[in-house]
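The values are calculated or read from the model by the stated rules, or taken from the named source; none is laboratory data. Quantities reported herein were computed from a predicted structural model and do not represent experimental measurements. Cβ placement follows ideal geometry from the backbone for every residue including glycine, while neighbour counts extend to all protein chains displayed.
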């Protein structure tokens, strides 16, 4: 199974969030409407029951160009737009797991920190 939607869905979602912050909700809504038209055209091209209309597709043994469409971009971004307010609400309510007490990763030291003995 391919997770192409993760990269492309996040990119489209983040792009539309930035457009909304920079140009307002009306402009962002236009982007969502254009994406909806592209999604509808892709579903119509493949047929609603086609495996190519799924969020996660199995491209094993297939030419990826045959499956290329707006679906992973638009379905992925819509899925994230659905999740985002719910995750924020859960985080504010303290219902998201906090992780371990000692993180497995820490950010690299900055050049200034490295130059300081």
Exercise for the section: Give me a count of the residues in segment 63-81 that are more than 17 Å from residue 11 (Cβ to Cβ) and out of contact with any strand residue (DSSP E or B) (no Cβ under 9 Å at 6 or more places or on another chain). Expected result: 3
Handout entry: Considering residues of segment 35-57 that are closer than 20 Å to residue 10 by Cα and assigned to a loop (DSSP other than H, G, I, E, B) only, the residue farthest from the chain's Cα centre (by Cα)
Key = 54
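Per-residue answers, yes or no, for (1) exposed (fewer than 12 other Cβ atoms within 10 Å of the Cβ); (2) modelled with pLDDT of 80 or more; (3) under 18 Å from residue 2 (Cα atoms):
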site: 36; (1), (2), (3): no, yes, no
site: 40; (1), (2), (3): no, yes, no
site: 69; (1), (2), (3): no, yes, yes
site: 79; (1), (2), (3): no, yes, yes
site: 100; (1), (2), (3): yes, no, no
site: 107; (1), (2), (3): yes, no, no
site: 113; (1), (2), (3): yes, no, no
Practice task
Would you check which residues across segment 58-78 are part of a loop (DSSP other than H, G, I, E, B), touching a residue at least 24 places away in the same chain (Cβ under 8 Å) and within 18 Å of the chain's Cα centre (by Cα) and list them?
Solution key: 69, 70
Exercise for the section: Looking for whichever is surrounded by 12 or more Cβ atoms within 10 Å (Cβ to Cβ), part of a helix (DSSP H, G or I) and modelled with pLDDT under 90 here; the options are 5, 13, 32. Which one fits? Expected result: 5
